[in-house]
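The values are calculated or read from the model by the stated rules, or taken from the named source; none is laboratory data. Only a predicted model underlies this, so the values are computations on that prediction, with no experimental measurement involved. Ideal geometry is used to build each Cβ from the backbone, glycine not excepted, and the neighbour counts take in all protein chains shown. Each accessible area value is taken on the protein alone, full model and side chains, heavy atoms only, with ligands, DNA and RNA left out. Shrake-Rupley method; radii C 1.70, N 1.55, O 1.52, S 1.80 Å.
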Amino acid sequence: MKKTIQITAAVMLFITSCVHAQDSIFLISVPTTQTLVNSIPNDVYITPSSATGPTANGSSTMARTYDKSLTNIYHSTYSGITLPQELVYNFASSVTRIDYLVHYPRTSGFNGSIESVEVWYKLKGETTYTKYGDFDFGGANAPTTVTFNPALENPTSIKFVVKSTAGNTEAEKNKYISCAEMEFYRASDNAFDPSTIFTDVTCSELKPEVTKEDIQNINSIFFQLLASNIKNGYYQSEFRVQDYKAYKTPKTWASENKTAQFGIFDNPTGIYVKNGEILVLLVGETHGASLSLMVKKDTTIDRSSYSLKEGINKITATHDGLCYINYLTATGTEAPVKINIVTGHVNGYFDSEKHTMNDWLRLINAAPHPFFDLKGKYATLNIGTGALKAYATQANGGGKAVIDLYDDVIWKELELEGFVKYNRMPPTRLHFQVYPSGNPNATDYRVAFPMSNQNSLSNPTTSGIKNDPSDHTGGVAWLLAHEAGHVLQVRPGLKWVNMTEVTNNICSQLVTTEWGLLSRLMYEPIGTSNRYNKAITNIINNADPNLNFVSDTDPFCRLVPFWQLYLYMHKTLDSTNFYQDVYEKVRVNPNPTAQYGCTSDAICQMEFVKIACEISGLDLTDFFDAWRFFIVTDVSIEDYSTSRFTLTQQGVDAYKQMIADMHLPKPNIPGGRFLYRIDDSNYELYKPVTP
């Protein structure tokens, strides 16, 4: 048998020597690749004999957590439960060992996804449980692995004490438990031991003393060929072997800062896989953290996630896609994890902090996949390879010029909103990507644009991202800043009802004007006028005495007073900390709640007025009065969902008194001028009057 293996290996090495120059690794060139991968023994899946948990909602029972389907989930009763609660899995007497388990949360939505949990176990002959440890399953759409060291011998039961769960809203947190799959495994007894040949379990380097004869004696064809490639210098490891950095989970940061979540694609692999192919990943020491492989679907903005463990991992792809390592932890301070992705196909990616122009030209021209990744300091971008080849040329500055602009958008918004000043920088990058069709949109983890925009989004010149300075709509620059601004909206304090498409555009105005483009509010033609004049006509001079600012139907008109505050504070008075400090105050203050007979949205509006006065050191009630922030109203407003906005006279009086009690001066502006008339062309005329 050993002789047969050696002959087969020799034949395949000969084939490899003929084709290795045309591909980055022989295993994707040899026709028998699938046979080679299948020769690696699988770990043994262990099916529980039974499971119990809190009362399920209808047919969403605990049995669904071990039916090998990620779409059929267990969900506790919709009427709600009180935590902690227990999920218990029992095992037949024939189960001799469990080495690790994998928890798969629901793949969409967050309700009930497990966060804080204790893991307990009971062995044969024992009557009580022993606690194994405390874990954070993340409450997100990524799997978690728990490795038992030492392995559980003759286990009869594993219990999960669920202490906290995620929710789609604050009110739904800790109210449900959900789970897609809870998988239990025994490691293969025939697994290859790399310790005699390779320097570590990633099998990416041979020990110095290893000879060709040692390699021929390896009893696994797969690892024999891998070792031979490394020995002969055929194994191109630029993207296959990487150290992946730990990042603090963006969910924690978002919760602390009242924003949406930044990206989870900070660890691109530069590898892609095709549907049905088996990826072999050799994972080094994980430092007790839970890692997963994400495969982004080529045809949608969705992804699949697969748990990773130390050592050999075999993953069968259920669709085509580029691959990423999800290494998110509570602190982001763990040491990097080394991973060798032996199979799959090399596509590469560009990192502006380490790659050069020569690297860019080499990588983008060799990339075979229809999409390509760029990684900057604050942003990541996944966009069409063809578009990048056409527009991110050497003459245009290449990929670095592209991702630098995305970085600058994020930096400017973070600076405006006080994240820089108050040392609240996000732990991960904001991810931008294109998808086949649909509207631009932003949500947790990513900003997405239709492929119809990708030529402009790939072009770093004034014909693309930068835009012609005479463009009065802001073009692509406005689009990028607008969607990024959605992610960074501080909610609910600066995103009360009918502000969803308003306060994010403070960022759009900032980015476009600082890039030298014309102010959209000033120069975009609205009939024979502009947004400033339309806003004054529609809001300030409106004949309806009961019209509140929030009820105006034009989001650009509702943007005007927010931008006027920027112009007056940051430009006229050169008080560059105004919005930084306003955002910080909104972040650290408790979320506004209904009081004085007002709804919480109305209190958000009143709180913004009060904070603006407090931070500026000026009594701005005349300005907000003109813009109808204080008009008593009770209306139902549609803003992606319907909310009631009720502002009572009691609420108005209470907040006006709070501002009066500050004893602040009125703005010192020249006579005959009104702050609600300030705009991009005249802000210098509002300089304080000197005695």
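What to note about this one:
- Restricting PRO41, PRO48 to those that are part of a loop (DSSP other than H, G, I, E, B), within 30 Å of SER228 (Cα to Cα) and at pLDDT 75 or above reduces the list to PRO41.
- Filter result for VAL273 (farther than 18 Å from ASN382 by Cα and either open to solvent by less than 20 Å² (accessible area, probe 1.4 Å) or within 20 Å of the chain's Cα centre (by Cα) (or both)): no
- Positions within the stretch 168-211 being in contact (Cβ under 8 Å) with a residue 12 or more places away in the chain, surrounded by fewer than 18 Cβ atoms within 10 Å (Cβ to Cβ) and under 20 Å from TYR74 (Cα atoms), in sequence order: ASN168, GLU172
- For the stretch 620-641, the set of residues classified as of a type in the set (Asp, Glu), surrounded by fewer than 18 Cβ atoms within 10 Å (Cβ to Cβ) and in contact (Cβ under 8 Å) with a residue 40 or more places away in the chain consists of ASP622 only.
- Members of the stretch 149-167 that are under 16 Å from GLY139 (Cβ atoms), surrounded by fewer than 18 Cβ atoms within 10 Å (Cβ to Cβ) and either acidic (Asp, Glu) or in contact with an Asp or Glu (Cβ under 6 Å, 6 or more places away or on another chain) (or both): SER164
- A count restricted to the stretch 648-667 and to residues that are open to solvent by 70 Å² or more (accessible area, probe 1.4 Å) and assigned to a loop (DSSP other than H, G, I, E, B) stands at 4.
Condition check ((1) surrounded by fewer than 23 Cβ atoms within 10 Å (Cβ to Cβ); (2) at negative phi) across all residues:
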| residue | (1), (2) |
| --- | --- |
| VAL337 | no, yes |
| ILE341 | no, yes |
| GLY344 | no, no |
| LYS354 | yes, yes |
| ASN358 | yes, yes |
| ASP373 | no, yes |
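- Among the strands (runs of 3 or more DSSP E) confined to the stretch 266-346, the ones with at least 1 residues that are out of contact with any Ser or Thr (no Cβ under 7 Å at 6 or more places or on another chain) are located at 268-273, 278-283, 291-297, 303-308, 311-316, 321-326.
- Some residue of the stretch 413-432 being out of contact with any Lys or Arg (no Cβ under 9 Å at 6 or more places or on another chain), surrounded by fewer than 19 Cβ atoms within 10 Å (Cβ to Cβ) and among the basic types (Lys, Arg): yes
- In the set TYR121, TYR132, only one residue is buried (at least 16 other Cβ atoms within 10 Å of the Cβ), of a type outside the set (D, E, K, R) and either free of Cβ contacts under 8 Å to residues at least 24 places away in the same chain or assigned to a helix (DSSP H, G or I) (or both); that residue is TYR132.
- Once the stretch 43-58 is narrowed to residues that are within 32 Å of the chain's Cα centre (by Cα), farther than 18 Å from SER157 by Cα and not acidic (Asp, Glu), the residue that is most open to solvent (accessible area, probe 1.4 Å) is ASN57.
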